[in-house]
Amino acid sequence: MTGFRGGSAVGRYSSHCPPGRCAAAAEPGTSKLEQDLFTLLKVPFGGGDLDYRVGRCRADMAFRVVPTGSLDQNDNLVLVIEYDGAYWHEERKERDLAKTEWMRSCGHEVIRVREFPLKKLGEHDIEAPQRPDPLLCARLVLLHALHEFLDWYAFEETQIRVKQFLMAIGAPLERDQVKCSDCWELATKIKEVAAKRYWW
């Protein structure tokens, strides 16, 4: 249950107060889950921006993935991650679609993590179980990013960091947690590799 303590929201959907905005105001802030997800994804992606803004739009977070050896910023992949909780996004389908289209028109790739019972809005979206924890969301995002955006040689260094991060997590994923068949295939391979202690 979300409540207020000391003038700020607390609980699963708690918000922090960025400069110039109150978490108790009507405008949605950053949930605790989003903050924790961002912290986890910073490890393999090597940094990023929370509350990322592109013109008139605010995204939950974004990560700039630099191709190996590239000095040209135009080669960078900007990966925007949006977490759509079922409670807050049940009636926001059109708004979420418009936001995704805007981000893509600006040259960004977008992955939406959609909490059950929300359905995917686009081909790059992820269906997550009800009330997922940040670590599960991070694993789903990284698996999806591996086969959707990072599957070519230019992102080899990022691929290695992502795979090492996923291998370091002890508990294997369950099949009902992973809706994407390509993600499940990768998760199975990572589990086998970790068990045999070799790398591919």
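The values are calculated or read from the model by the stated rules, or taken from the named source; none is laboratory data. Given the structure is predicted, the values throughout are model-derived calculations rather than measurements. Glycine gets a Cβ as well: all are built from the backbone with ideal geometry, and neighbour counts include every protein chain shown.
For the range 126-157, what are the residues that are at pLDDT 90 or above and not hydrophobic (A, V, I, L, M, F, W, C)?
127, 129, 130, 131, 132, 133, 134, 139, 144, 147, 148
So which residues in the range 87-125 are more than 24 Å from residue 152 (Cα to Cα), touching an Asp or Glu at 6+ places or on another chain (Cβ under 9 Å) and at pLDDT 90 or above?
89, 96, 99, 114, 115, 116, 117, 118, 119, 120, 121
What number of residues in the range 87-127 are touching a Leu at 6+ places or on another chain (Cβ under 7 Å) and free of Cβ contacts under 8 Å to residues at least 24 places away in the same chain?
Residues that pass the stated criteria total 1.
Any chance you could count how many residues in the range 117-166 are of a type in the set (Gly, Ala, Ser) and in a loop (DSSP other than H, G, I, E, B)?
Residues in the range 117-166 being of a type in the set (Gly, Ala, Ser) and in a loop (DSSP other than H, G, I, E, B): 1 in total.
Hey, any hits in the range 53-70 for a residue that's part of a strand (DSSP E or B), at pLDDT 90 or above, closer than 20 Å to residue 139 by Cβ and out of contact with any helix residue (DSSP H, G or I) (no Cβ under 8 Å at 6 or more places or on another chain)?
yes
Any residue at all in the range 122-140 that's farther than 25 Å from residue 173 by Cα and loosely packed, with under 14 Cβ neighbours inside 10 Å?
no
Could you tell me whether the range 156-177 includes any residue that is surrounded by 16 or more Cβ atoms within 10 Å (Cβ to Cβ), over 21 Å from residue 90 (Cα atoms), touching a His at 6+ places or on another chain (Cβ under 6 Å) and of a type outside the set (A, V, I, L, M)?
No - not one qualifying residue is present in the range 156-177.
How about the range 32-51: which of its residues are over 13 Å from the mean Cα position of the chain (by Cα) and crowded, with 17+ Cβ neighbours inside 10 Å?
32, the sole residue that qualifies.
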